[in-house]
Amino acid sequence: MKRNRAIMTVASAMFEAFIKPEESELDKEEMIQARVAESSGIGSFNETDFIMFNGIEKVRPFADMLRNVDEELEDSIYGEPDFDIELHWKGGVMAQHQLWLGQEQQPSYLMDVAHPHLIYRVSADMTNQLIEVLGVDE
């Protein structure tokens, strides 16, 4: 009996260590703040004129946006971004993105400022949520 328990304990530890993916701050819903500003264009980031979203319910749309982006695109995106978004997690983790906000029922596109060659597609449903959260009039 003790041997079976030991085997199960070892198997469980191996699963935790090797098979189960590490939880990120985002997965633990520990995003604590989103700062959103009208973009000043590709290559620059507006860090002064922003609106802050604080607390789990206010930042949830931004966490959902990151969690649900489609695979990265190989193509470039044309035009200038609409918004600069700075996201903060517990523990001091921070990321900056630029968002090309689509029209209602259309996809949007998101670029990680630290990796400008990576452009992600945001679903039409998520675009609709972002339009509402950001108070954008079409």
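The values are calculated or read from the model by the stated rules, or taken from the named source; none is laboratory data. Note that the structure is a prediction, hence the values are computed from the model and not measured. Backbone-built Cβ (ideal geometry, glycine too); neighbour counts: all protein chains shown. Areas reflect the complete protein model, heavy atoms only, side chains present, ligands, DNA and RNA absent. Shrake-Rupley method; radii C 1.70, N 1.55, O 1.52, S 1.80 Å.
Beta carbons closer than 8 Å, at least 6 apart along the sequence or on distinct chains, pair a first residue in segment 104-123 that is in contact (Cβ under 8 Å) with a residue 40 or more places away in the chain and closer than 21 Å to ASP137 by Cα with a second that is β-branched (Val, Ile, Thr) and part of a strand (DSSP E or B) for LEU110/ILE119; LEU110/VAL122. Consider segment 37-53 and keep the residues that are open to solvent by 70 Å² or more (accessible area, probe 1.4 Å) and of a type in the set (Ser, Thr, Tyr). The one that is farthest from GLN98 (Cα to Cα) is THR48. Taking residues in segment 61-74 that are farther than 14 Å from ASP112 by Cα and modelled with pLDDT under 90, and partners anywhere that are not in a helix (DSSP H, G or I) and not hydroxyl-bearing (Ser, Thr, Tyr), the pairs with Cβ atoms closer than 8 Å and at least 6 places apart or on different chains are ASN68/VAL122.
Condition check: under 21 Å from SER44 (Cα atoms) and among the aliphatic types (A, V, I, L, M). Does LEU87 satisfy that?
On the way: under 21 Å from SER44 (Cα atoms): yes; among the aliphatic types (A, V, I, L, M): yes.
Answer is yes for this residue.
Kindly indicate the residue of segment 122-138 that is outside any helix (DSSP H, G or I) and aliphatic (A, V, I, L, M) and also surrounded by the most Cβ atoms within 10 Å (Cβ to Cβ) among those meeting that condition. Among them, the one singled out is VAL122.
Each residue in segment 71-92 was checked for being under 10 Å from ILE32 (Cα atoms) and either surrounded by 19 or more Cβ atoms within 10 Å (Cβ to Cβ) or hydroxyl-bearing (Ser, Thr, Tyr) (or both), and 3 pass.
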